[in-house]
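See below for the structure under consideration.
The values are calculated or read from the model by the stated rules, or taken from the named source; none is laboratory data. Because the structure is a prediction, the values reported are computed rather than measured. Cβ placement follows ideal geometry from the backbone for every residue including glycine, while neighbour counts extend to all protein chains displayed. Each accessible area value is taken on the protein alone, full model and side chains, heavy atoms only, with ligands, DNA and RNA left out. Shrake-Rupley method; radii C 1.70, N 1.55, O 1.52, S 1.80 Å.
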Amino acid sequence: MQPKLNVKNMKIIKEIDVVCDLTASERDILAIILRSGPIARSGVTAKTQLAQQSVHRIIDSLERRGYLQFGAAKIVGRGKPSPTVSIDPSHYASVGISVGTEDVRFCLMDLTGIPLVQEVANIAPVTPAEVIAALKEKIADWFSTVAVNRTLVGVGISMQGFRDGSHDVFHPPQPLFAWENIPIETVLSRELHQPVFAENNATSSVVAEHYLGAGNGHGCIAYLSFNHGFGAGIFWENRPFRGGHGNAGEISAIFSRDQLCHRPALGELIKRLADHNIDVNSVRDLTLRFEPDWPGIPEWLDEVKPQLQFALRALQATIDPHAIFFGGEAPEELRHMLVDIGKSAFTDERLPMPTLITSKLPGDPAHLGAALLPLHQLVF
């Protein structure tokens with residue numbers, strides 16, 4: 001007599017994809033479950049244009065391949081109990097890297113958007129070859145330890161600067177001059193043998209705000225990135241908006257040359273603090289040591305107020321956002337101060353006013369947004 005199999009205690013063997021090659025319908029369902037999960041499987045159909053049989057078939061396939069996981073059954077309406085379904089964080093991961101003017105940040109992220117590892121590299125960001133070598137070393141280390149047996153979905157990189165029409169070539173600020181004219185996606189794809197997606201730091205940050213912050217509750221958002229410079233990212237219709245040449249959100253371009261030093265850039269704030277004998281040697285130092293009652297802060301806020309309000313009105317008039325988030329490397333108390341001086345920007349009462357919101361994502365989230373780029377492009 002054959003022994004009976006204890007099905008309840010059997011370990012289900014997943015058929016993990018080596019490459020994330022998902023259909024449009026699979027990605028739609030994954031996006032729905034990411035936003036709504038855990039959700040009853042029977043409740044997913046109402047959020048799609050697909051027949052229930054097709055939805056169940058796709059969900060079962062995604063669960064078998066490790067993208068989804070089933071939970072406790074839930075009764076929906078008058079039907080039979082339906083298992084809840086949510087994103088399975090165990091089998092896939094993405095990698096993000098943010099190249100800033102002062103440091104390089106790495107992130108390993110699971111499929112739900114939760115960072116598994118975040119690190120600041122002890123290397124100068126000005127040497128591309130050294131940064132790429134460090135990235136390759138990080139990936140090799142992570143996928144032999146904390147991410148062993150996971151599939152790498154892809155790699156995202158955040159770079160400061162603007163594009164000249166080429167989607168992966170940036171013109172960064174002077175401290176990153178060595179990255180000028182490098183086709184980042186092409187070079188990294190060749191080195192890593194992985195899909196690579198490049199964005200500027202402000203657009204990467206608005207992606208992070210949408211997925212991990214408060215941005216998901218608004219259809220059209222802008223993210224103001226207060227870093228060494230000053231930029232903006234735009235997220236509209238569930239995707240980052242680049243514009244025709246890839247430079248949508250390059251908000252500092254609205255200022256004339258003699259106005260640039262008066263824009264709300266943290267590099268300029270450091271100069272003003274030096275005039276008041278406050279010795280701050282970097283943006284990171286400013287973030288760590290910031291005191292709201294430092295001499296020079298009120299004067300700087302008065303100085304940048306016209307340019308900040310000009311930028312806010314420009315965003316209102318061009319993209320008509322529901323909300324504008326204040327973030328970047330600006331310390332939280334400074335973000336609140338900048339929101340306060342921005343509130344009186346909107347003078348045309350005919351137009352709806354965007355809500356000004358202090359981002360709750362700590363620090364500059366560009367490395368998180370970079371890690372989200374492959375998930376956004378290939379999974380959700």
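Here are a few things to note about the model shown:
- Scanning the stretch 331-353 for residues that are in a loop (DSSP other than H, G, I, E, B), in contact with a Phe, Trp or Tyr (Cβ under 6 Å, 6 or more places away or on another chain), open to solvent by less than 90 Å² (accessible area, probe 1.4 Å) and within 16 Å of Gln309 (Cα to Cα) returns no hits.
- Just one of the numbered conditions (1) among the small types (Gly, Ala, Ser); (2) surrounded by fewer than 17 Cβ atoms within 10 Å (Cβ to Cβ); (3) more than 20 Å from Ser252 (Cα to Cα) is not true of Gly369: (2).
- Residue in the stretch 354-366 that is surrounded by fewer than 18 Cβ atoms within 10 Å (Cβ to Cβ) and hydrophobic (A, V, I, L, M, F, W, C) present: no
- Applying the set (1) under 23 Å from Gly219 (Cβ atoms); (2) exposed (fewer than 15 other Cβ atoms within 10 Å of the Cβ) to Gly328 leaves exactly one unmet item: (2).
- Test for Ser94: is it of a type in the set (S, T, N, Q), under 21 Å from Gly66 (Cβ atoms) and surrounded by 17 or more Cβ atoms within 10 Å (Cβ to Cβ): yes
- With respect to the conditions (1) under 16 Å from Leu224 (Cβ atoms); (2) outside any loop (DSSP other than H, G, I, E, B); (3) hydrophobic (A, V, I, L, M, F, W, C), Cys261 falls short on a single one, namely (1).
- Unmet requirement for Phe326, which otherwise passes all of (1) within 16 Å of Ser252 (Cα to Cα); (2) in a helix (DSSP H, G or I); (3) hydrophobic (A, V, I, L, M, F, W, C): (2)
- Every condition in (1) of a type outside the set (Gly, Ala, Ser); (2) modelled with pLDDT under 95; (3) open to solvent by less than 30 Å² (accessible area, probe 1.4 Å) is met by Val153 except one, and the failing one is (2).
- Identity of the residue in the stretch 157-204, of a type in the set (Asp, Glu), surrounded by fewer than 17 Cβ atoms within 10 Å (Cβ to Cβ) and not in a helix (DSSP H, G or I), that ends up modelled with the highest pLDDT: Glu180
- Of the residues making up the stretch 71-125, those that are within 15 Å of the chain's Cα centre (by Cα) and at pLDDT below 95 number 1.
- Scope the stretch 278-287; condition farther than 19 Å from Pro175 by Cβ and either touching a residue at least 12 places away in the same chain (Cβ under 8 Å) or hydrophobic (A, V, I, L, M, F, W, C) (or both); matching residues: Ile278
- Filter result for the condition that a residue is surrounded by fewer than 16 Cβ atoms within 10 Å (Cβ to Cβ) and in contact with an Asp or Glu (Cβ under 9 Å, 6 or more places away or on another chain), over Gln69, Gln49, Gln53: Gln49
- Only residues that are at positive phi and surrounded by 23 or more Cβ atoms within 10 Å (Cβ to Cβ) were counted in the stretch 205-238, giving 0.
- The C-beta contact set for the stretch 212-225 (first residue part of a loop (DSSP other than H, G, I, E, B), second residue open to solvent by 30 Å² or more (accessible area, probe 1.4 Å), distance under 7 angstrom, 6+ apart or interchain) comprises Gly213/Lys360; Ala214/Ile357; Ala214/Lys360; His218/His322; Gly219/His322.
- Here is the figure for the stretch 204-232: residues that are in contact with a Leu (Cβ under 9 Å, 6 or more places away or on another chain) and within 12 Å of Leu368 (Cα to Cα) total 9.
- When each of Trp294, Trp300 is tested for being open to solvent by 10 Å² or more (accessible area, probe 1.4 Å) and either under 16 Å from the mean Cα position of the chain (by Cα) or closer than 24 Å to Leu269 by Cβ (or both), the lone residue that passes is Trp294.
- Residue match in the stretch 55-63 (condition: assigned to a loop (DSSP other than H, G, I, E, B), of a type in the set (S, T, N, Q) and more than 18 Å from Ala366 (Cβ to Cβ)): no
- When Val95 is tested against (1) outside any loop (DSSP other than H, G, I, E, B); (2) out of contact with any Lys or Arg (no Cβ under 8 Å at 6 or more places or on another chain); (3) under 22 Å from Gln377 (Cα atoms), only condition (2) is not met.
- Subset of the stretch 98-149 (residues that are touching a strand residue (DSSP E or B) at 6+ places or on another chain (Cβ under 7 Å), in a loop (DSSP other than H, G, I, E, B) and open to solvent by less than 30 Å² (accessible area, probe 1.4 Å)): Asp103, Leu111, Pro125, Ala147
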